[in-house]
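S.K.: One structure, pasted below without further comment.
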Amino acid sequence: MAKDRSTSQDFTGPLRRLLLAVMILVLGGIFLIWRIDSPRVERFRAAVTDSIVPNFDWAMAPVNGTVQLIRNAQSYRALAEQNEELRRELRRMRAWKEAAVQLRQENARLLDLNNVRLDPRLTHVTGVVLADSGSPFRQSVLINVGAKDGVVDGWATMDGIGVVGRVSGVAANTSRVILLTDASSRIPGVVQPSGQRVIIAGDNTAAPPVDFLENRDLVRPGDQVFSSGDGGVFPAGLLIGTVAEDPGGRLRIRLAADYERLEFLRVLRHYGIEDVPDTAQVIAPSAPLAGLEPRDE
Amino acid sequence: MNDASSSRLWAMRGGFVLLVMVILFFHLLPQQMVPRAWAGPEWVTLFAFAWAVRRPELVPVLLLGGLLLLADLLLGRPPGLWALLALLAAERLKARAQTLRDSTLAAEVLEVSLLIVGVSAAYQLVLVVMLVDDVSLSLSASQALTSVLAYPLVVLITHGVMRVRKSAPGDLETAP
């Protein structure tokens with residue numbers, strides 16, 4: 001019997017070793033190719049995800065719902081105090097709403113006075129969150145709009161209130177959104193009211209730190225941070241969050257978007273900021289330009 | 001190897017594929033959008049190890065490599081690297097399955113723990129050497145730790161619920 005087994009192992013051994021060698025070469029090769037030409041492999045990854053994850057959709061909705069239900073049931077215990085707190089908050093919000101309505105009317109009046117034409121291309125498409133990154137090392141979500149809906153790499157996504165992240169990886173039916181909390185996320189922002197330019201650099205924590213701040217004295221906890229539009233990939237003026245100071249004295253950003261429940265994401269269509277091709281004609285005074293004109297022609 | 005045992009073999013392999021799919025499904029469920037300070041165990045790898053120790057023939061190289069690569073792709077890891085290291089570790093376990101069959105659970109847990117720590121360390125080392133900015137030492141250390149702690153549970157599920165058990169001496173004649 002023992003002899004039998006050893007001969008059968010001799011028979012399967014070389015084949016197994018060959019298969020293992022092939023597998024090592026394939027896997028190692030994929031990793032090396034990814035390291036050298038990452039966009040191509042990432043496109044492949046997006047295609048694989050696109051073909052697999054939407055198939056899970058029918059099961060994900062009920063399972064997700066059940067898990068949410070259990071989580072909510074745990075929070076029902078705290079319902080009474082929550083209710084009280086919400087009432088208080090509501091009273092405060094009423095005051096704000098009054099202010100907002102007045103501001104909106106004023107804004108409409110001013111826009112009318114200025115005859116402002118809002119950019120008609122700044123529209124959005126809303127997607128449902130299909131899946132999260134599935135790994136604690138990465139912070140991203142998969143949404144169910146993709147190249148078929150005209151989504152382009154680099155577009156900004158928001159929930160109702162604040163910026164959530166940036167589209168990175170578009171497949172036919174799905175696209176991946178890198179959240180602001182991901183370690184690879186870098187978004188240029190501007191702190192108001194001081195106007196300081198910063199980079200919001202995710203580091204895998206719930207509140208991303210502020211980077212490249214020029215003058216710290218001008219920024220106070222509680223200041224609001226908006227996207228600045230520097231670099232041209234991200235539209236300017238979207239609310240990102242408020243500045244807060246962590247116990248170590250480092251400035252971080254409390255994100256405005258509600259990361260606890262990301263269900264629907266709004267992808268903002270953004271076709272880049274148009275370049276002004278000839279700066280001299282815009283900036284320089286007209287007199288010397290007029291003098292140069294004959295030589296130019 | 002008759003027809004019945006061969007179809008049973010493929011059914012069990014199909015069971016492993018299904019198991020990996022279920023694990024990936026629960027990983028991808030959109031529940032965790034806020035970053036955590038620690039990482040849970042690497043379930044796919046743990047089950048691969050547990051099955052490789054018990055029934056090496058149920059997790060052949062190509063199947064296991066393909067599934068690990070799929071997990072890499074879906075979970076956003078650098079594709080291929082974790083799969084390669086975990087596959088090598090599983091193959092080592094398969095080669096030692098004969099010895100481990102006769103030893104105690106404690107010996108197996110120790111062996112697997114060493115492999116998990118080794119794979120995690122090698123993974124981080126390669127990422128550092130290749131200058132991939134995906135390195136989070138505390139996260140991967142906590143992942144290795146929780147994986148080691150979770151392995152006995154995985155063995156329990158594999159042995160008790162899925163009935164994938166080490167073949168007893170009597171089974172060898174019928175084993176495919």
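S.K.: Just to check, using Stokes-Einstein with a Kirkwood Rh over alpha carbon pairs, what's the diffusion coefficient of chain B at 25 °C and 0.890 mPa s in µm²/s? Let's see the in-between values first.
M.R.: Values: Rh = 17.0 Å.
Answer from the Stokes-Einstein relation: 144 µm²/s.
S.K.: Rounded to a whole number of µm²/s, how large is the Stokes-Einstein D of segment A:84-222 at 25 °C and 0.890 mPa s, given Rh as the Kirkwood radius over C-alpha pairs?
M.R.: Numbers: Rh = 18.1 Å.
In µm²/s, the coefficient rounds to 135.
S.K.: With r as the distance between the Cβ atoms of A:N173 and B:I157 and R0 = 45 Å, compute the FRET efficiency 1/(1 + (r/R0)^6) and round to 0.05. Display every interim value, and only then the final one.
M.R.: Values: r = 34 Å, r/R0 = 0.76.
So, using R0 = 45 Å, E works out to roughly 0.85.
S.K.: For the residues A:F137, A:F56, A:F212, what sequence is obtained by ranking on other C-beta atoms within 10 Å, fewest first?
M.R.: Numbers: A:F137 20, A:F56 17, A:F212 12.
Ordered from fewest to most neighbouring Cβ atoms within 10 Å, A:F137, A:F56, A:F212 come out as A:F212, A:F56, A:F137.
S.K.: Same structure again: List A:M93, B:M12, A:M158 from most exposed to least, where exposure is judged by having the fewest other Cβ atoms within 10 Å.
M.R.: Values: A:M93 12, B:M12 17, A:M158 21.
By the 10 Å Cβ count, ascending, the order reads A:M93, B:M12, A:M158.
S.K.: Using only C-alpha positions, report the orientation-averaged shadow area of the convex hull of segment B:1-79, nm², one decimal.
M.R.: Details: hull surface 24.6 nm².
Averaged projected hull area, Cα only: 6.1 nm².
S.K.: Now for a separate question. Kindly identify chain A as rounded, prolate or oblate by the Cα gyration tensor criterion: order the square roots of the eigenvalues as a ≥ b ≥ c, call it rounded if a/c is under 1.5, otherwise compare a/b with b/c, prolate if a/b is larger, else oblate.
M.R.: Values: a/c = 2.28, a/b = 1.41, b/c = 1.62.
Here chain A falls in the oblate category.
S.K.: Now for a different question. Please rank A:S184, B:S147, fewest neighbouring Cβ atoms within 10 Å first, as an exposure proxy. Intermediate results must be reported in sequence, preceding the final value.
M.R.: On the way: A:S184 15, B:S147 24.
In order of increasing Cβ crowding within 10 Å: A:S184, B:S147.
S.K.: Rounded if a/c is under 1.5, else prolate if a/b beats b/c, else oblate: with a ≥ b ≥ c from the C-alpha gyration tensor eigenvalues square-rooted, which is segment A:15-148? Before the final figure, lay out each step's value.
M.R.: Numbers: a/c = 3.53, a/b = 1.66, b/c = 2.12.
The shape class here is oblate.
Readers should treat all values here as calculations from the given coordinates under stated rules, not as data from a laboratory. Only a predicted model underlies this, so the values are computations on that prediction, with no experimental measurement involved. Don't worry about glycine lacking a Cβ; one is built from the backbone with ideal geometry, like all the others, and counts go over all protein chains shown.
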